[in-house]
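**Q** Got a structure for you, written out below as structure tokens; questions coming shortly.
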Amino acid sequence: MTSELDIFVGNTTLIDEDVYRLWLDGYSVSDAVALRVRSGILEQTGATAAVLQSDTMDHYRTFHMLERLLHAPPKLLHQLIFQIPPSRQALLIERYYAFDEAFVREVLGKKLSKGTKKDLDDISTKTGITLKSCRRQFDNFKRVFKVVEEMRGSLVDNIQQHFLLSDRLSRDYAAIVFFANNRFETGKKKLQYLSFGDFAFCAELMIQNWTLGAVDSQVDDMDVDLDKEFLQDLKELKVLVADKDLLDLHKSLVCTTLRGKLSIFSEMEANFKNLSRGLVNVAAKLTHSKDVRDLFVDLVEKFVEPCRSDHWPLNDVRLFLNQYSASVHSLDGFRHQALWDRYMGTLRGCLLRLYHD
Amino acid sequence: MPGKLKVKIVAGRHLPVMDRASDLTDAFVEVKFGNTTFKTDVYLKSLNPQWNSEWFKFEVDDEDLQDEPLQITVLDHDTYSANDAIGKVYIDIDPLLYSEAATVISGWFPIYDTIHGIRGEINVIVKVDLFNDLNRFRQSSCGVKFFCTTSIPKCYRAVIIHGFVEELVVNEDPEYQWIDRIRTPRASNEARQRLISLMSGELQRKIGLKVLEMRGNAVVGYLQCFDLEGESGLVVRAIGTACTLDKLSSPAAFLPACNSPSKEMKEIPFNEDPNPNTHSSGPSTPLKNQTYSFSPSKSYSRQSSSSDTDLSLTPKTAPSPQGPRIYLCPSSPPLSCGSLHLKKSCLLLSDSSLAPHHCSLGSPVLRKSVSFSEELFLAASGMGSGSAGKEGGPFKALLRQQTQSALEQREFPFFTLTVFPPGFLVHVGGVVSARSVKLLDRIHNPDEPETRDAWWAEIRQEIKSHAKALGCHAVVGYSESTSICEEVCILSASGTAAVLNPRFLQDGTVEGCLEQRLEENLPVGCGFCHIPYDELNMPFPAHLTYCYNCRKQKVPDVLFTTIDLPTDAMVIGKGCLIQARLCRLKKKAQAEANATAISNLLPFMEYEVHTQLMNKLKLKGMNALFGLRIQITVGENMLMGLASATGVYLAALPAPGGIQIAGKTPNDGSYEQHISHMQKKINDTIAKNRELYEINPPEISEEVIGSPIPEPRQRSRLLRSQSESSDEVTELDLSHGKKDAFVLEIDDTDALEDVHSLLTDVPPPPGFYSCNTEIMPGINNWTSEIQMFTSVRVIRLSSLNLTNQALNKNFNDLCENLLKSLYFKLRSMIPCCLCHVNFTVSLPEDELIQVTVTAVAITFDKNQALQTTKAHIEKSLQRASADTEELLQFPLELCSDSLPSHPFPPAKEHLESASSNSGIPAAQRDRCSSWIELIKLKAQTIRRGSIKTTVTVEKANPMGEGNFRNRSAPPCASSTVGVVKMTPLSFIPGAKITKYLGIINMFFIRETTSLREEGGVSGFLHAFIAEVFAMVRAHVAALGGNAVVSYIMKQCVFMENPNKNQAQCLINVSGDAVVFVRESDLEVASVQQPTANCQPLCAGGEVTT
């Protein structure tokens, strides 16, 4: 006796959250059944393995049918085939678009292309996430990217509107799209200590301040591309380190204010010029897209690492950066105050976030 | 020209990409009704076209309005080649034809293609302007309301229940026409869908005409079926009960009365005489007289009480193992097995005119073979039906009746209802059923479907005579079915013989005669159990005792019925689903030989099914079956029997005896031990079941029996006194072979197998109950969470082990596993009850068994589930005795109306639709839905600019926009698609049905030539059933409704050819579209008018009340 056909269709579509998770995690039906057995469900319910198998198959089939709709979540809301309560719809969407930290760190900043897709095998092996799940996550990134890439308006809002994601997840996707579009390097060994959250934090600041959308809300790609004009202008900041007087003055202003307030004052004083040069040079280099990609590498190399090697406490870094950016306003010979604020305001936030072990 | 049909095509959405180059579609729509076709403009390059067409107007006869479906075809315009069809929508406009139902059909319909399934949706508005037609000779029957519900619909009152209406129409099946060889599968499927739609329209119209002739205005319990006879054609047949219904007009008066009768009840003091004669007038048709005339034995038996008992007992004391005291009896062979063969064979040899007398006595064996041989005779002689053979006279008369006046129609006093107004049902005799095996031949003249008519007439006649034999003048809970395999067809009919109160049946009876209730001679709650037949001249051996409730009248020891449990019935404990399952192998054979083989097997199958039912009933410690449905399915090489019923313990009936096992080889010690071991196991099971189903019948003392106490409540207090009654089994003392004990002899492995199978039926897991009736006795505090589902399983038998035993085991496992799976899947709904569990078996191929189950799971409130049975009984007593007008409409309120008195938190209300989500805490759900809200709000205020493809989806969708605008609406409106509930029950727990919008009767075919790509057979059928649900919901929503009640999947024919990567499936569903309002909402709004504004808005549909 073999079961040829075995289905269950409810007027309200039954969604089992546990099975959904297993499906999202890319387990095959038999693996999922094995995992469910291990969870002790048979003992709890008195069911048999055959029942579990049939149940799992049913859910997998439903999810498979739903997947097409999940690719365009508004369709899930309007479709008539599956009657799903709104709260469940939201759950389905949210979970489908959720991603693994380990996975996102691997592809963050990479081009969402076929080439990267081919590397998913390696990522799967490296992270222990099933290839199927990697594919889903990758395809989600790519899909969201494609839809919002050239769209006008706020990136987060666009994502939320077209994918009906929660605020939190939409912000994460905004970061992913932003990173993919600007191809920021995040995979270098030096950057391994950084979490996705760190990058997402920086991305949000950069989107808010450095993109076209920050100055003009009526242009295409406003939140995705960096403001080219702004990047060009950043060259002007070079004077802060190129002009020796200005640099000295800047240093003395910072040192005077911070004297006695920092535990690592002497180190700071000794390193000031190096650090300042580092930060300003990073700005000046951003005209080249190659250097834009290396932004995070540069920031870590030029600022985070030197400070860390001198064991600056985080609070001292904060005090320093605040003073460092603020005292520029007192430099009479420097004309690009607004530019400096736009640059340093974001950078200060980023650096503070990046500064940890 | 009495009608103008107006159609407007508004928009489409989610259309498939038809042009690969542009990834877009140039869609237009053809609107066809009858022979008239209109077209919309082509909407270029869009997947979300906005046609916004003019009103297309069709001026048509109302006859056509009833017969024809509105056909909407969506096509992709192609300049150079033929336009490609995207899909179709068939809209049945019948609901627009009667005044009280829907006024407009408007909403999003899934565009359906028989090859690709649902492909996008289309927004359509349909209206009908009807002109009054006073032509007496009209062919249409607009205005007759149809209900699938097998009870008097909620917001109506039955003035008169006229009786049985039936009709059938036949046609050639397009699938088997020559043209099918040259046309595409799509064209063939569509021709078939359209034809069946037309035929059911015609059928409904013809039935409507009959109803008008009877001066009724509605058909209740309308059951329409298709017989796909293959080569020989397509039969669409329907039966129903004609009624005159009164709409309970003023909702204000109606609401307090029916909404919470439980409250009202409490105010009515319990009365010795529950009939305060406020409006007594009218012809007091004394019921006594009526009963007398129908079953004259009755009064007689009352007089000759005690001595009779002995008389009736004597034949019983000789326990014959095969002696089927099966109640169902007229149809089951009351002969012993040995003689069966003899009679059978001699009959087959004999001329068909030989057996006229026996027929009417209801020996099914004879009957079957007779009808078969008659059929042969007919086929051979090519004569018209009915003219041949012994029954010529009555037979012809019968045929005449069908075309004659409505009064004569009552020649079939059948009622398809299963639930009745209080007082309607006087006595129940038992199940009557008849089967006949027929050979199909081509239907030569579709306009004269005489042969099929004659077949059914014959069966109905037999049913009627069975009922007569039981001293009953009517058959209730009547249904008909067929099973077809190749050219052999088994026609089956079954019902419950009953004596009815004629009050409802008579024209011109004044309402006032209501008071002429049965109280004086029939105590409430047990009257229907009393035997209607003559005790001294019983049609079958039965064991009678005095009613355990009133002590006045005789009752049988068990009662089998096809109806629902009467509301006033006194039940002890809870009920449970009882199934008998059986397979019998048969040789493959052709035509006559095949039919003979089947006729030979049938009586054995029926007998065994009944034995199994009886054993299982006893094992459950119960004494009555309700909702019994026996299905015999014929296949190439086997016959399957599946009987489902709900077992209960009726307080009026004696306690069931135990089951005793007897061994045939007593000298073997170990064998003895084995037997006693089995016996112990059985006894344990019975005890366990009694506990599980809370069956604690009161023990009744001798005095009580001697002096009947008329007041039932008093009586029920006399509990726990020692029983010395001789005719009662108080303990499970089986050792003395008491007459009640059901003896099972284990003399071979076969019987051993039987006993084993008895014990292998696993009870449902804790928290689950199941029944196949509408309500579960003993549970009356349903919450509003319901989940209707359909589950289909097909197993392939390995041809190696095809023995009867292996087959039985396989089948048994299949059903048991299916139930287990259901329990597992629905575990989040615990505590819950599976109601109206409906199993259908079919044998699509040699080694395939298909089982389809449709049921509804309803959760109930556990805390209040502990209400004592006594309270329940008292409540029903009160209820039954409160003689008010609204009692006429219907009983099921009992279970739903208990809700308002236990209000549940309103938060739960909004989530009622989320029948499956008990996993998420409520807070989280709220959060989830609220941010979807938020997103949409944002979407509205978002800066819009050069928006790309996906945005146009939103823009192109006016409904979507509309919904955005409606954002301030309550959270339940957040889903853009209104929730439509579906249930096989006639009611929705915790809600009030405020309006019936019309019947839903849909037929779909789905075919695929890429089975593997669609996920194999399971993927294919899963998707199809989901699509069928979606289309039903969309139609209901378009009518302005929010639920389908009495939903039934009448057919699910699945055929596959994996080698060719093909599969085809036909599904036929029906139900009543309704508007319901939550009772909690009602209570709030009861002061104002109870409009349906609280319910979820259906996209595009107006909710009209």
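The values are calculated or read from the model by the stated rules, or taken from the named source; none is laboratory data. Since the structure is predicted, the reported quantities are computational estimates derived from the model, not experimental observations. For neighbour counting, all protein chains shown are included, and Cβ atoms are generated from backbone atoms with ideal geometry for every residue, glycine included.
**Q** Go through the stretch B:822-864 and give me each residue that's under 20 Å from residue B:1052 (Cα atoms) and out of contact with any strand residue (DSSP E or B) (no Cβ under 6 Å at 6 or more places or on another chain).
**A** B:822, B:845, B:846
**Q** Filter the stretch B:825-854 down to residues that are in contact with a Leu (Cβ under 8 Å, 6 or more places away or on another chain), within 12 Å of chain A (Cβ to nearest Cβ) and surrounded by 20 or more Cβ atoms within 10 Å (Cβ to Cβ) and give me whichever is nearest to residue B:631 (Cα to Cα).
**A** Filtering first and then ranking leaves B:851.
**Q** How about the stretch A:149-263: which helices (runs of 4 or more DSSP H) wholly inside it have at least 1 residues that are among the basic types (Lys, Arg), surrounded by fewer than 15 Cβ atoms within 10 Å (Cβ to Cβ) and more than 14 Å from every other protein chain (Cβ to nearest Cβ)?
**A** Those helices (runs of 4 or more DSSP H) span A:228-233, A:244-258.
**Q** Just checking, which of A:318, A:348 is touching a residue at least 12 places away in the same chain (Cβ under 8 Å), over 19 Å from residue A:285 (Cβ atoms) and part of a helix (DSSP H, G or I)?
**A** The unique qualifying residue is A:318.
**Q** Another question, then. Quick one: would you say residue A:34 is facing chain B (nearest Cβ under 7 Å) and part of a helix (DSSP H, G or I)?
**A** For residue A:34, the condition - facing chain B (nearest Cβ under 7 Å) and part of a helix (DSSP H, G or I) - is not met.
Listed here are the residues, each with its yes/no results for (1) of a type outside the set (S, T, N, Q); (2) surrounded by fewer than 24 Cβ atoms within 10 Å (Cβ to Cβ); (3) on the phi < 0 side of the Ramachandran plot.
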{"position": "B:982", "(1), (2), (3)": "yes, no, yes"}
{"position": "B:987", "(1), (2), (3)": "yes, no, yes"}
{"position": "B:991", "(1), (2), (3)": "yes, no, yes"}
{"position": "B:1004", "(1), (2), (3)": "yes, yes, yes"}
{"position": "B:1009", "(1), (2), (3)": "no, yes, yes"}
{"position": "B:1014", "(1), (2), (3)": "yes, yes, yes"}
{"position": "B:1020", "(1), (2), (3)": "yes, no, yes"}
{"position": "B:1024", "(1), (2), (3)": "yes, no, yes"}
{"position": "B:1033", "(1), (2), (3)": "yes, no, yes"}
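**Q** If you don't mind, there's one more thing I want to ask. Tell me which residues, restricted to the stretch B:781-813, are of a type in the set (Val, Ile, Thr) and more than 9 Å from chain A (Cβ to nearest Cβ).
**A** Listed by number, the residues that qualify are B:783, B:803.
**Q** Limited to the stretch B:546-563, what total is found for residues that are assigned to a strand (DSSP E or B) and over 16 Å from residue B:622 (Cβ atoms)?
**A** Selection size over the stretch B:546-563: 2.
**Q** Can I ask one more? Would you check which residues across the stretch B:623-638 are over 18 Å from residue B:497 (Cβ atoms) and modelled with pLDDT of 90 or more and list them?
**A** B:631, B:632, B:633, B:634
**Q** I'd like to know if the stretch A:38-45 contains one or more residues that are more than 11 Å from chain B (Cβ to nearest Cβ), of a type outside the set (Asp, Glu), crowded, with 22+ Cβ neighbours inside 10 Å and within 21 Å of residue A:133 (Cβ to Cβ).
**A** No: zero hits.
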